[in-house]
Amino acid sequence: MQNQSEHIQDTNREELRFKGIPTSQGIEFGKAIVLFKEGPSSYPIHISEESIPEELERFSAALVNASEELQHIIDIAQKESAKISHILETYLLILMDSIMHESIRTRIKEGYTAENAVIHEFDVQKQFFTLAKDPIIRERSIDFDHVTERLLNGLRNRTISHAVAEGSIVIGSSITPTDLMLFHKAGCLGFITEIGGIASHASILARSLSMPAIIGLRDISEKVQDEDAIIIDGFSGILIVHPTEDTRSFYIQKKKEADDNKLSLGLLANTECTTLDGYPIHLMANIDSIEDLHVAMKYGAKGIGLLRTEYLIIARQHFPTEQEQIEWYKELSHISFPHPLTIRAFDVGSDKYAEGLAEEDNPALGLRGIRFLLQRKDIFKNQIRAVYIASKEKNIRFMLPMISTINELKISLAFIEESRLELEHEGIPHDMALPIGIMIETPASALISDSLAPLVSFFSIGTNDLTQYTMAADRLNEYVSDIYDPFNPAVIRLMKMAIESAKKYGINIGICGELAGHSAATELLIGLGIQEISVSPPLLLELKKRILHINYSEVSQLH
């Protein structure tokens, strides 16, 4: 809102700047609204036996109110985006879990207040997510916190006034997707939180709603006051409080440039993706949902290079049935057609939904990916059958994660063929020539890629794990963040080995790791000979813009 920015200036106060993590791009000018979280000490811990019936009634009433509120917000969200409403429906599923309701009522009958019973039970349930190694799955634990907060608000008769948000930027410890949706409807321009993650539902919603957002600004609720004039820079993660005239002028211009760039990028969606000298690059997208696929198609993706099927498990909190998978894959395949849909087999392990397996001290080096699937062939077979049954459009590809040995691949391929033959004997139509590929994400797979290539139809390089395992550095560990470097010569050499093997045997090779979207990596990857690049949908147009300005004959000589 450029016009509003003309009024956002504090001339008599010193300008303050705070740096956080940008999670949704954009620049906005507004007045601060600071949310304060109510502490846990505002209610008693235990109740008398005589109070139990009343406490049970309080919980039931809060449950009804919370569910009705959520359904109302879902109805509002459906007018904005199916993706937004699906996220909120996840909260409703958590809230309406009957097993959890019974556990809460049992705790109340044992003498807990309704508030404490809710907090304790939800804490138990979210531990499964909190202890996961995967950062995206860990962030799902926040969903339980948000549902807990909604129930507690109902028990305390506490409400947030969303109407005051017009023209403002919300600041708080965290923000629930439901509150974010209501703030947005009231005219909120952006939000800033002390905690949260880039893949949290609030961050996803902010990006869907084109609201700039910053996370990770510790104690910011204590440093900013209601009505403070602020500027939020969702590109660099900077919050400016009491902006000067010069700062305001600078950001007015920066916002205009960002808006102009967004407009020009939009014109690239239907432009063919080739280098200056006509070398074609197959630009694809990494997705988790049908909503992501719609965005990818809108931005000109020529198919899906990575469908993370684990998100079916996250949404349902159990391994999906064969039929549930068939329906999902069919819809995705139909929307993607005629472009390819690359379905990655469940990449899970003892830290992620490994039902019936013992916990491991180091799951990243344990039973994950294809190792887990070969241990749980019942789960693997359901997914194989679902993929084949959904392959009517003949644009589905199936990709195996974490391959490290030739024997592993041969056993997997034999099991896939055995499962396919069962479908054939059952008379179920399917794509008999469905392409099977593998992720190159372990140093072992890159080193033996010349032996793996003749067995499969395509390779896809997963740079996140390839870098982690090559450098022996956890990409989430801040103490070794300088060692985790996808540009390290060791990582590049392994990638080059895989690319050369793919070319030798005439199979496609792409890249779907985070390096694919890095602005400094585009020339490197194309010069190495990468034919397919798959990135998050929001990165597609910027990536295409860079590719259009590259001369393949020049960059291919650099290696």
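Read-outs: derived from the displayed coordinates by stated rules, not from any lab. Not measured: the values here are computed from a predicted model. In this analysis, Cβ positions are derived from the backbone assuming ideal geometry, glycine residues included, and neighbour counts consider all displayed protein chains.
Here is how the numbers come out for the structure above:
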item: Per DSSP, loop trypsin sites (Lys or Arg not before Pro) in the stretch 240-331 with at most 10 further Cβ within 10 Å; result: none
item: Sites residue 261 and residue 426 - FRET efficiency at Förster radius 56 Å, r taken between beta-carbons, to 0.05; result: 0.55
item: Highest to lowest packing among 101-110, 286-295, 205-214, 417-426, scored as the average C-beta count within 10 Å; result: 205-214, 286-295, 101-110, 417-426
item: Projected label distance in nm at residue 274 and residue 222, using a 7 Å step from Cα toward the beta-carbon; result: 6.0 nm
item: Extension reserve of the residue 156-residue 322 stretch, reckoned as 0.36 nm per residue once the Cα distance is removed; result: 55.5 nm
item: Rounded, prolate or oblate (a/c below 1.5 giving rounded, otherwise prolate when a/b exceeds b/c) for the chain by Cα gyration tensor; result: oblate
item: Extension gain from residue 377 to residue 546, taking 0.36 nm per residue of separation minus the Cα-Cα distance; result: 56.5 nm
item: For the stretch 314-349 and the stretch 199-241, distance of Cα centres in Å; result: 34 Å
item: At R0 = 25 Å, FRET efficiency that the Cβ-Cβ distance of residue 411 and residue 457 yields, to 0.05; result: 0.90
item: 20 Å reach of a label modelled at residue 557, 7 Å along Cα-to-Cβ, counting backbone N of the stretch 275-317; result: 275-280
item: Label-point separation in nm, residue 97 to residue 472, each point 7 Å along Cα→Cβ; result: 3.9 nm
item: Spatial separation of Cα centroids for the stretch 100-122 and the stretch 163-198, in angstrom; result: 30 Å
item: Stretchable slack from residue 247 to residue 464, in nm (0.36 nm times residue separation minus alpha-carbon distance); result: 74.4 nm
item: Across 223/255; 262/545; 31/185, pairs whose alpha-carbon gap is larger than 21 Å; result: 223/255
